[in-house]
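Working notes, beginning with the structure itself.
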Amino acid sequence: MGEKIITRFAPSPTGNLNIGGVRAGIFAYLFARHSKGEFIVRIEDTDRLRSTKEYEENILEALAWLGLEYDRLFRQSEHAARHEELLRKLVAEGKAYVSQENTEATPSKAKESPQKGGKGRGEVIRFKNPNKTISFDDVVHGSISFETAELKDFVIAKSFTEPVFHFAVVADDWDEGVTHVVRGEDHISNTPRQILIGEALGAPRPVYAHLPLILGPDRAKLSKRKGARALTEYREAGYLPEAILNFDALLGWHPRGEEEILTKEQLIELFTLERVQKSPAIFDEGKLLWFNREHIKRLSDEEFARRLEQFSSTSVNPALVPLLKERVQTLRDASETLQSGELSFLKEAAVYDKELLLKGAKAEGPDVQKNLSRVAEMLGEIGVGDFTAEKVTEVVFPYATKVGRARVLWPMRVALCGTERSPDPFTLAGLLGKEKTLERLGKAINMLQ
Ligand code: GLU
């Protein structure tokens with residue numbers, strides 16, 4: 001047995017978790033589960049000014065909704081004492097030093113984080129750069145080399161109690177035993193710095209896998225305003241978490257073979273870092289909607305009903321479920337269709353209007369009556385268990401084609417629902433079932449007497 005694989009997802013709670021940002025979490029999760037390893041979530045709240053509890057809650061809620069369960073959860077701020085200990089150790093060993101600087105040297109930092117607790121203004125801790133070439137083998141990008149001399153003696157903390165992000169990341173990855181750092185390509189340029197810090201601390205170097213950029217269909221970077229909406233917004237728009245998981249997993253990775261619709265279990269089974277691509281992934285909302293529709297179709301009727309009830313906080317008539325499942329792209333669509341009353345005919349007895357029955361048939365009452373009677377006769381011969389929309393089509397359609405479709409299908413449809421607009425008569429018959437269908441046809445026939 002090789003060493004146990006440990007990955008982490010390290011979001012900063014400075015915004016809601018968005019559909020692009022979670023991709024790193026999904027890849028780290030899939031890789032860990034595929035390898036029977038461990039998946040850590042670490043909330044990187046070292047930036048105290050921009051981090052909020054609300055964002056942290058949004059992140060954890062979105063991860064739970066997606067089904068990315070973690071083995072361990074950390075908050076970076078909880079490790080403050082350890083960070084301070086390590087900073088002091090590096091300084092004591094001469095691998096870092098405290099530098100008194102005028103505020104001009106680090107204007108933005110001084111502004112962002114006014115010094116507290118009597119620490120001298122402009123004091124920073126700098127890393128003593130050994131000025132060497134750092135090379136690492138990125139699983140996705142291959143071998144990368146970097147002359148670290150150009151980084152000079154970079155800042156690793158604003159004070160002993162305020163490590164910068166690079167330092168905290170390296171310390172935590174080490175302490176948490178992270179073996180594989182799976183994150184966005186935008187962090188490649190941070191890696192040499194982090195490797196130097198890791199070497200100074202004596203930490204083993206993790207394997208790096210930097211995921212390709214995610215671009216919009218116009219090949220522009222996704223931004224908060226464009227394309228990168230929060231996962232919780234997608235939930236409210238009626239998307240299924242499995243659709244998002246599936247869609248995101250394919251942003252820069254694809255399995256062997258053609259199949260695109262994959263469950264979480266399949267993704268875990270198929271996922272390898274070796275198949276992550278280098279070239280940018282394209283984020284296409286239309287594709288996401290398609291995934292959602294496909295995943296909706298694959299839910300059992302019971303499961304769809306359960307999700308819809310949860311989504312719309314109302315109970316759902318089971319008779320409507322197959323029809324809704326067939327037609328909608330999102331749970332919101334389904335909820336709106338229910339509210340629109342478009343399908344109320346199924347619950348309530350149809351109320352007939354003789355004129356409406358004849359209107360679209362463009363035929364006289366006796367004629368229409370005869371056609372409906374014939375339809376009723378033919379449908380009477382179908383067994384209750386075989387009474388599906390397909391079967392009804394098979395039986396009625398040739399007849400309607402022979403005598404005139406409008407003359408048969410219009411009155412049949414109105415007889416089944418009583419309204420001007422509805423799904424086609426075959427769908428209606430399939431939904432209503434044999435007994436109700438014959439009952440409603442019978443009523444319409446009587447009315448035309
Ligand atoms: N907290 C960083 C971010 O949200 C991630 C750091 C990392 O993955 O190493 O971008």
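Numerical summary
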read-out	value
Ser344-Asp175 pseudo-label distance in nm [points 7 Å out on the Cα-to-Cβ vector]	6.2 nm
Distance between modelled label sites at Arg82 and Arg306, nm, 7 Å Cα→Cβ extension	3.8 nm
Segment 394-449 shape via C-alpha gyration tensor axes, a/c threshold 1.5	rounded
Within-13-Å neighbourhood charge of Thr272 [Cβ basis; K, R +1; D, E -1]	+1
Highest-fluctuation residue, Asp172, Asp301, Asp218 considered, GNM on the chain with Cα pairs under 10 Å	Asp218
Alpha-carbon centroids, segment 22-58 and segment 130-163: separation in whole Å	23 Å
Inter-probe distance in nm under a simple model that places probes 7 Å from Cα toward Cβ, at Lys36 and Glu394	4.9 nm
Cα principal axis extents for the chain, largest first, Å	103, 46, 37
Heavy-atom accessible area order for Phe39, Phe397, largest first, 1.4 Å probe	Phe397, Phe39
Convex hull volume per residue in cubic angstrom - Cα atoms of segment 283-405	162 Å³
Å³ per residue enclosed by the Cα convex hull of segment 1-92	116 Å³
For Glu38, distant residues with modelled amide H under 5 Å away	Ile5, Ile6, Thr7
The chain: relative contact order as a whole-number percent, Cα under 8 Å and 6+ apart	13 percent
For peptides 411-417, 336-342, sequence by mean Cβ density within 10 Å, most packed first	411-417, 336-342
Charge dipole (debye, nearest 20) of segment 341-397; +1 at Cβ of Lys and Arg, -1 at Cβ of Asp and Glu	160 debye
Extended-chain gain in nm, criterion 0.36 nm per residue less alpha-carbon gap, Lys221 and Ala64	53.8 nm
Highest-MSF residue in the chain out of Glu303, Glu259, Glu185 [GNM, Cα springs under 10 Å]	Glu259
Geometric extent, Cα atoms of segment 126-198 - Rg, Dmax (angstrom)	12.5, 36
Relative contact order (%) - segment 198-288, alpha-carbon pairs under 8 angstrom, separation at least six	43 percent
Portion, in percent, of the accessible area of the chain that falls on carbon or sulfur, probe 1.4 Å	50 percent
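The values are calculated or read from the model by the stated rules, or taken from the named source; none is laboratory data. All values derive from a computational prediction rather than experimental measurement. Don't worry about glycine lacking a Cβ; one is built from the backbone with ideal geometry, like all the others, and counts go over all protein chains shown. Ligands, DNA and RNA are excluded from the accessible area calculation, which covers all protein heavy atoms including side chains. Shrake-Rupley method; radii C 1.70, N 1.55, O 1.52, S 1.80 Å.
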